[in-house]
1. Are there any pairs with C-beta distances below 6 angstrom linking a residue in segment 43-72 that is on the phi > 0 side of the Ramachandran plot to a residue that is outside any strand (DSSP E or B), with the two at least 6 apart or on different chains, and if so which?
2. So in segment 85-100, with the set limited to residues that are in contact with a Ser or Thr (Cβ under 8 Å, 6 or more places away or on another chain) and either at pLDDT 95 or above or closer than 24 Å to TYR184 by Cα (or both), which one is surrounded by the fewest Cβ atoms within 10 Å (Cβ to Cβ)?
3. For segment 159-169, check the following and say yes or no: at least one residue is closer than 22 Å to ARG81 by Cβ, surrounded by fewer than 20 Cβ atoms within 10 Å (Cβ to Cβ) and out of contact with any His (no Cβ under 7 Å at 6 or more places or on another chain).
4. If the requirement is being out of contact with any Cys (no Cβ under 6 Å at 6 or more places or on another chain), more than 30 Å from THR191 (Cβ to Cβ) and small (Gly, Ala, Ser), which of these qualifies: GLY162, GLY147, GLY137?
5. In segment 72-84, is there at least one residue being of a type in the set (Asp, Glu), at pLDDT 90 or above and touching a strand residue (DSSP E or B) at 6+ places or on another chain (Cβ under 7 Å)?
6. Identify, by number, the condition in (1) modelled with pLDDT of 95 or more; (2) touching a Ser or Thr at 6+ places or on another chain (Cβ under 7 Å) that GLN144 doesn't meet.
7. For a quick check of your reading of the model, give me the residue pairs whose first member lies in segment 179-193 and is more than 16 Å from SER149 (Cβ to Cβ), whose second is exposed (fewer than 13 other Cβ atoms within 10 Å of the Cβ) and aliphatic (A, V, I, L, M), with beta-carbon atoms closer than 9 Å and at least 6 apart or on different chains.
8. Give segment 60-72 a look and list any residue that's surrounded by fewer than 16 Cβ atoms within 10 Å (Cβ to Cβ) and over 17 Å from the mean Cα position of the chain (by Cα), or say none.
Amino acid sequence: MQKAGPLALTALFVFALLFAFVPTGPRGEAALAGARLQGVRLSLYPARDEGAVWTFAAQDVRSDPLTNVTQLSQLSQGERRLRERDAAGRYTGRQTLDATLSTPELTIDAQDDLITPQARITLVQQCADLTLTGRPGQPVRIEQGAGFSAPVAVVDSPALVGRITRLQMSFQFDLLASGEDSNYQLAIDPTETCRDGKRVPL
């Protein structure tokens, strides 16, 4: 099943639209329910992040065709991959693992952004592990083509270690914003580096 940009979850949306107009009660409750699938693998091709593809395995997927919001629970194998291009700019079919995402539940909104109360992200090329925690009314957000933000983040990497509040960071591990009460350190004299997604001593 795929969700291409802001258009639709192809298989899921077809399923949803087929049943959206089947009235099962006096007020057509089924039309408001959307679709629900179990044991699904989902691929997301965000329009605002061309060349990237997110893949998830989820035990439970619910989609509302009216709002174009999809909710996933009991997630596993969340990944962000970058599609390789040849010299002519055509996709070769090969992909490079860029990041992994672990979270118990996830919402994909109408802009394809990912929203969750908490998450663990690993940026593979930087060997950076980030534990992101949201707060009531301030969830963890992953914005397509930009990066991610969280009220609180704990970062562990060869280049940066510590606790960062009001985090805003790019997928390239650029720290865009942080709170004044953050407590982190940049590795001026690092003892290890990241090579092929693994930490190795210098």
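1. ASN68/ALA110
2. Taking segment 85-100 first, the residues in contact with a Ser or Thr (Cβ under 8 Å, 6 or more places away or on another chain) are 85-86, 99-100.
Next, from what is left, pick out any that are either at pLDDT 95 or above or closer than 24 Å to TYR184 by Cα (or both): 99-100.
On the way: ALA99: 23, THR100: 15.
Residue satisfying both the conditions and the ranking: THR100.
3. Here is the first cut: in segment 159-169, the ones closer than 22 Å to ARG81 by Cβ are 169.
So of that shortlist, the ones also surrounded by fewer than 20 Cβ atoms within 10 Å (Cβ to Cβ) come out as none.
No, segment 159-169 contains no residue that is closer than 22 Å to ARG81 by Cβ, surrounded by fewer than 20 Cβ atoms within 10 Å (Cβ to Cβ) and out of contact with any His (no Cβ under 7 Å at 6 or more places or on another chain).
4. On the way: GLY162 fails: more than 30 Å from THR191 (Cβ to Cβ); GLY147 fails: more than 30 Å from THR191 (Cβ to Cβ).
The conditions single out GLY137.
5. Looking for residues that are of a type in the set (Asp, Glu), at pLDDT 90 or above and touching a strand residue (DSSP E or B) at 6+ places or on another chain (Cβ under 7 Å), one finds at least one in segment 72-84, hence yes.
6. So GLN144 meets the others, but not (2).
7. Correct list of pairs: PRO190/LEU202; THR191/LEU202; GLU192/VAL200; GLU192/LEU202; THR193/VAL200; THR193/LEU202.
8. LEU66, THR67
The values are calculated or read from the model by the stated rules, or taken from the named source; none is laboratory data. Bear in mind the structure is a predicted one, so any value in this text is a computation, not a measurement. Reconstructed Cβ throughout: ideal geometry from the backbone, glycine too, with neighbour counts over all protein chains shown.
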